[in-house]
Amino acid sequence: MKILVINSGSSSIKYKLFEMPQESLLTKGALEHIGEKDALVPNHHAGLKTILSKVNSVQAVGHRVVHGAEKFNKPVVVNQNVINGIKKCCAIAPLHNPANLAGIMACQKLLPGVKQVAVFDTAFHQSIPPKAFIYGLPYIYYKNLGVRRYGFHGTSHQYVAIEASRILKKPLSKLKLITCHLGNGCSITAIDKGKSIDTSMGFTPLEGLVMGTRCGDLDPALITHLMHKVKLDTKQMNLILNKESGLKGISGLSNDMRILEAKANTGNKRASLAIDIFVYRIRKYIGAYLAVLGGIDALIFTAGIGEHQAKIRKEICKKLFFCLGKSPKIMVIPTNEELMIARQTYKLISTPRL
Ligand code: ADP
């Protein structure tokens, strides 16, 4: 069965076509700068039309959807109810969900009768218990506004956990894992018996680790302090926290870890500082999750930095061996969110429903 996986972002659409259940990748590609000046395609509908002209015999489509809130704790076949649910989540994921939805709507029109499945980044983290997902805020904000930790990159954390279980030849039900997804966005997850029990990203993907351009954890009082001092409105503040902070903000150079490593090697102090802060924050989280899990069987690194930058991994692990105890494995596992989406899509549509 040919399954097309679509990752529809605000200005790009990435796609991969798989033959399932063999899991062979038939083709892949991406369209960028959608809707921008001089772009090849003006909108998502036109973008998907272009993509669909390059692939044929698509029998099902799996869509990455960033936010499923508490409504979606597993992949679902898209129908009007699901579309309404994803629309509702747009309020808490205004940068991502509208673009994901645009991809779904375009496919519905262009591939009538072909089953579409929505796979949510947040779903894997729906097993996190209240003590880890409720913030120290008035409870009414959780009840009335859905303010809580949701966590993201769930598809990636779940994929590498399954891979670890396969490589270690041990069922997930017998494993305690810490998974570090270190790309442009970075998050870390504590996984017990195959279930996420805590993760560093929160209500939005801004919380937790220091990332390429996102600040991660900071004192919440700083937001109002800075808005007042530097005279920033909410839009400007959001932009600084999401796009001008993290590795880029600290180094004043780049959000790209490869560039920072090269600069640090030639003696650039701010590049070294940015790397030190990045590594230190990850170590703090690993320490916290070791305490939460009571020891681990494996520490897993994935995504751009996690897969390719051995020096950063070495720095993170330097002092960890002492606390890790009974020789856990340190593993590098390339992530494959698209394959995970294809698997979940295949499983959902090929399972007969009663
Ligand atoms: P995204 O979150 O955008 O998918 P990636 O997983 O591609 O990000 O990770 C991007 C980060 O990984 C950058 O900081 C980049 O410098 C770093 N990196 C290091 N080596 C590589 C590589 N070979 N390919 C891609 N990114 C790499």
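Each distinct pair of alpha carbons in segment 260-329 adds a 1/r term; the inverse of their mean, the Kirkwood radius, is 13.1 Å. The fraction of Cα-Cα pairs per 10 angstrom bin, counted from 0 for the chain, comes to 5, 23, 32, 27, 11, 1, 0 percent, rounded to whole percents. The distance between label points at residue 2 and residue 50 comes to 2.0 nm (points 7 Å beyond Cα on the Cα→Cβ vector).
Can you compute the charge dipole magnitude of the chain about its Cα centre, using +1 on each Lys and Arg Cβ and -1 on each Asp and Glu Cβ, nothing else charged? Give it in debye, rounded to the nearest 20.
My answer is approximately 560 debye.
What does the charge count around residue 129 come to, taking other residues whose C-beta lies under 12 Å from its C-beta (Lys +1, Arg +1, Asp -1, Glu -1)? So the surrounding residues net to +2. Rounded to 0.05, the FRET efficiency of the residue 174 and residue 70 pair, given R0 = 22 Å and the Cβ-Cβ distance, is 0.15.
Taking the charge dipole of segment 64-160 about its Cα centre, with +1 at Lys and Arg Cβ atoms and -1 at Asp and Glu Cβ atoms, the residue from 94, 76, 152 reaching farthest to the positive side is 76.
Placing +1 on each Lys and Arg Cβ and -1 on each Asp and Glu Cβ, with no other charges, gives segment 255-354 a dipole about its Cα centre of roughly 280 debye.
According to the calculation over all Cα-Cα pairs in segment 47-164, the P(r) per 10 Å bin from zero is 13, 39, 32, 12, 4, 0 %.
Filter 176/319; 115/169; 88/231; 231/284; 176/314; 54/195 down to the pairs with a C-alpha to C-alpha distance above 27 Å, please. Don't jump to the answer; show the numbers that get you there.
Values: 176/319 20 Å; 115/169 34 Å; 88/231 32 Å; 231/284 33 Å; 176/314 21 Å; 54/195 38 Å.
Beyond 27 Å: 115/169; 88/231; 231/284; 54/195.
Enclosing the Cα atoms of segment 2-96 in their convex hull gives a volume equal to 105 cubic angstrom per residue.
Amide H contacts under 5 Å for residue 332: 301, restricted to partners 5 or more places along the chain or on a different chain, H placed in the peptide plane at 1.01 Å from N. Could you pull out every residue, at least 5 positions away or on a different chain, whose amide H is within less than 5 Å of the one on residue 217? Hs are placed 1.01 Å off N in the peptide plane, and Pro or chain starts have none. Those qualifying (amide H under 5 Å, at least 5 residues apart or on another chain) are 208, 209. With contributions of -39500 (n - 2.57) from each DSSP H run of at least four residues, the per-residue ellipticity at 222 nm computed over the chain stands at -13000 deg cm²/dmol.
Projecting the Cα atoms of 206, 187, 161 onto the charge dipole of segment 144-213, computed from C-beta unit charges around the Cα centre, puts 161 farthest toward the positive end. Across segment 204-249, the relative contact order, built from alpha-carbon pairs under 8 Å that are at least six residues apart, equals 50 percent.
For segment 167-295, what's the relative contact order in percent, using C-alpha pairs closer than 8 Å and at least 6 residues apart? Over segment 167-295, the number comes to 22 percent.
How high is the relative contact order of the chain, in percent, with contacts defined as C-alpha pairs under 8 Å that are six or more residues apart?
Here the relative contact order equals 16 percent.
Placing unit charges on the Cβ atoms of the charged side chains and taking the dipole of the chain about its Cα centre, the candidate lying farthest along the positive direction among 342, 286, 138 is 286.
Computed from the coordinates by the stated procedures, all read-outs in this text should not be read as laboratory data. Please read all numbers here as calculations on a predicted model, not as lab measurements. Here Cβ is always computed from backbone atoms with ideal geometry, including for glycine, and neighbour counts include all displayed protein chains.
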